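Student: My questions all concern the structure below.
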Amino acid sequence: MAKEKLIIFDTTMRDGEQSPGASMTKDDKLRIARQLERMRVDIIEAGFPAASDGDFESVQAVARAIKDSTICGLARANEKDVRRCGDAVRVAAQPRIHTFIATSPIHMEKKLRMEPSQVIDQAVRAIKWAREYTDNVEFSPEDAGRSDLDFLCRILEQVIKAGARTINVPDTVGYTLPDQFGRLIRNLRERIPNSDQAIWSVHCHNDLGLAVANSLAAVQNGARQVECTINGLGERAGNASLEEVVMAVRTRQDVFDCDTDIDATQIVPASKLVSGITGYPVQPNKAIVGANAFAHESGIHQDGVLKHRETYEIMSAESVGWTNNRLTLGKLSGRNAFKTRLHEIGVELESEEALNAAFKRFKELADKKREIFDEDLHALITEENLEHLENERYSLVSLTAHSETGEQPYARLIMSDGGKERPSEAQGSGPVDAAFKAIEALVHSGAELLLYSVNAITTGTDAQGEVTVRLSKGGRIVNGQGADTDIVVASAKAYINALNRLFAGIERLNPQL
């Protein structure tokens, strides 16, 4: 007997983007969307079109580019949001509108200031507006985990009657335990008369580290869609991790009576791509995609794995995409080979000018680094995109840094400020600190440095260093990124990139599910 399908709904580009400083450009979203399509993700939530013109354009661009996956936009349950969302996704081959309204007593009273009957009426109206654009409409009762069960049954029965064909139950604040959440899904399906007319979905947050466990408990109780993100990225402690949900279901087919269509070999490439674009590194001991996920230190474990892999590995590294993706190109390689490899790893450049610029960077990198990997290419393209951000004000022209035992480190640099080159120098506790102080001596941003993170993109002492800098000012938080074989240069690029994002002044409105 064939198993039922478990639908994978990826919200990396919507909920994942709510991580502090993890906002994505249109090109970033297109790169991630193409990788998700390659992974055979069923539904891609591309953003919240009403948040800004930029988000609308990004969702619309993804909707135009992706053909195999359903493209979804999020909208609050009001006419303006729903119509904005409908206009963004209507160009998709397979569009979906996802609308929501809060249903917990605390949210209805304190945030919405609405009576329960008003909330039901508003939800029903939102479904009807959405159905003017598509029959593929999803509804979420925000903060369902703390909502009254009787009220949930009432509102969900009405939105299904109005035409919602997917009902998503969010544990918005990560409050429930697996047995509670599984029981909630089962009770809703059993008590709502028309529950068989909708696919039941879940969206779990990780505040107590239970997002994946809660999602899997829901699947065991009849949920057939899971909303998740690459690397578990998302608001606060994050969301259910796509890779963990997919591989748990696939590895334990003795327990689950469903399976996904995901191409699991694309999981690690997707993880690395999202990590590079957002500046959120993956912890080494992260399940499935962490660097140590398939590492064996114990002699007993090593001996067992060498004799028979399954003694200590419940899945193979190759099954989720851990391969040595070495790019055998170098200084003598041509543009066609370079372009072909970019296409193979999911990078599509929009113009010949962009290809020429990327190829020039590739040649420069090949002069510094003997072996170039796919990860290097992703970092190269990300940096190329970062340097062409709209409203970019600052750029690094040159940098000299000096560090010597017993001497005060210093940095001298030249920055372009609106096209005008300006020199600066400063001392610091180290060359990176000195470089940051030299930059601040020019810009006087007054921003607070929240995070400075360095990761090696590949192995070897000639590896590129990828730096993430997180700045905060006036309530705005931004991430900046930079990559270079010289870690001080990479750090300066990251700081300048963060400043450009900070001064771009892009305001975002991120609804929480």
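Student: Would you list Leu216, Leu349, Leu273 from the most to the least accessible area, probe 1.4 Å?
Tutor: Leu349, Leu216, Leu273
Student: Could you tell me the accessible area of Leu449 in Å² (1.4 Å probe, neighbours in place), rounded to the nearest ten?
Tutor: Ignoring ligands and nucleic acids, Leu449 comes out at about 80 Å².
Student: In units of 2.2 N^0.38 Å, what is the alpha-carbon radius of gyration of segment 95-168?
Tutor: Details: Rg = 11.6 Å, N = 74, 2.2 N^0.38 = 11.3 Å.
Expressed relative to 2.2 N^0.38 Å, the Cα Rg reads 1.02.
Student: To continue, here is another question. Using 0.36 nm per residue, how much length does the chain from Ala354 to Asp196 gain when fully extended, once their Cα-Cα distance is taken away?
Tutor: Between Ala354 and Asp196, full extension yields 51.9 nm more.
Student: So if I average 1/r over every pair of distinct C-alpha atoms in segment 1-90 and take the inverse, what Kirkwood radius in Å does that give?
Tutor: On the way: mean 1/r = 0.0755 Å⁻¹.
Its Kirkwood hydrodynamic radius stands at 13.3 Å.
Student: Lys/Arg Cβ at +1, Asp/Glu Cβ at -1, dipole of the chain taken about the Cα centre: which of Val469, Thr382, Val169 is farthest positive-ward?
Tutor: Val169
Student: How would you classify segment 394-474 from its alpha-carbon gyration tensor, with a ≥ b ≥ c the square roots of the eigenvalues: rounded for a/c under 1.5, else prolate if a/b is greater than b/c, otherwise oblate?
Tutor: In terms of gyration-tensor shape, rounded.
Student: Here is a follow-up. To the nearest 10 Å², what's Glu132's accessible area with a 1.4 Å probe?
Tutor: Taking all protein chains as shown, Glu132 has close to 110 Å².
Student: Per DSSP H run of n ≥ 4, the term is -39500 (n - 2.57); total these for the chain, divide by its residue number, and report the mean residue ellipticity at 222 nm rounded to 500 deg cm²/dmol.
Tutor: Helix-only estimate at 222 nm: -12000 deg cm²/dmol.
Student: Dipole size in debye (nearest 20) for segment 362-501 around its Cα centre, Lys and Arg Cβ +1, Asp and Glu Cβ -1?
Tutor: 500
Student: Report the rotationally averaged projected area of the chain based on its alpha-carbon convex hull, in square nanometres. Display every interim value, and only then the final one.
Tutor: Numbers: hull surface 106.2 nm².
With the hull built on Cα positions only, its mean projection is 26.6 nm².
Student: Give me the 1.4 Å probe accessible area per residue for the chain, excluding ligands and nucleic acids, in Å².
Tutor: 43
Student: Given a 1.4 angstrom probe, I'd like the percentage of the accessible area of the chain that is carbon and sulfur, rounded to a whole number. Intermediate values should be presented prior to the final figure.
Tutor: Details: 10440 of 22030 Å².
Of all accessible area on the chain, carbon and sulfur atoms account for 47 percent.
Student: Antiparallel DSSP bridges in the chain: what percent, to the nearest 5? Kindly include the intermediate steps, with their values, before the conclusion.
Tutor: On the way: 36 of 73 bridges.
Counting DSSP beta bridges with both partners in the chain, the antiparallel share is about 50 percent.
Student: Taking +1 at the Cβ of each Lys and Arg and -1 at the Cβ of each Asp and Glu, which of Ile345, Ala366, Leu355 sits farthest along the dipole of segment 334-376 towards its positive end, judged by Cα position relative to the Cα centre?
Tutor: Farthest along the dipole direction, towards plus: Ala366.
Student: Ratio of alpha-carbon Rg to the 2.2 N^0.38 Å globular estimate for segment 1-160, to two decimals, please.
Tutor: Numbers: Rg = 16.1 Å, N = 160, 2.2 N^0.38 = 15.1 Å.
After normalising by residue count via 2.2 N^0.38 Å, the value is 1.06.
Student: Given all pairs of different Cα atoms, what value in angstroms does the Kirkwood hydrodynamic radius of segment 421-466 take?
Tutor: By the Kirkwood definition, the hydrodynamic radius is 12.6 Å.
Student: Find the Cα radius of gyration of segment 88-214, compare it with 2.2 N^0.38 Å by division, and give the number to two decimals.
Tutor: Output field value: 1.03.
Student: Segment 171-300: D in µm²/s via Stokes-Einstein (Kirkwood Rh, Cα pairs, 25 °C, 0.890 mPa s)? Intermediate values should be presented prior to the final figure.
Tutor: Details: Rh = 15.7 Å.
Taking Rh from Cα pairs, D becomes 156 µm²/s.
Student: Can you tell me, using C-alpha contacts under 8 Å and at least 6 residues apart, the relative contact order of the chain as a whole percent?
Tutor: On the way: 1071 pairs, mean separation 61.5, N = 513.
The value is 12 percent.
Student: Hey, another quick one. Sort Arg224, Arg236, Arg84 by accessible area with a 1.4 Å probe, largest first.
Tutor: Arg236, Arg84, Arg224
Student: Now for a different question. On average, how much area does the Cα convex hull of segment 223-270 cover when viewed from any direction, in nm²?
Tutor: 3.8
Student: How big is the accessible area of Trp200 in square angstrom, nearest 10, if you roll a 1.4 angstrom probe over the protein chains?
Tutor: 10
Student: Angle check, please: helix 79-89 long axis (alpha carbons) against the longest principal axis of the chain (alpha carbons), in degrees 0 to 90, nearest 10.
Tutor: Approximately 60 degrees, to the nearest ten.
Student: Taking the Cα centre as origin and putting +1 on Lys and Arg beta-carbons and -1 on Asp and Glu beta-carbons, what dipole magnitude results for segment 1-76, to the nearest 20 debye? Please report the intermediate quantities before stating the final value.
Tutor: Numbers: 12 positive and 13 negative charges, 60 e Å.
I would put it at about 280 debye.
The values are calculated or read from the model by the stated rules, or taken from the named source; none is laboratory data. None of the values given here were measured: they were computed from a predicted structure. Neighbour counts are summed over all protein chains in view; Cβ atoms, including those assigned to glycine, are modelled from backbone coordinates with ideal geometry. Ligands, DNA and RNA are excluded from the accessible area calculation, which covers all protein heavy atoms including side chains. Shrake-Rupley method; radii C 1.70, N 1.55, O 1.52, S 1.80 Å.
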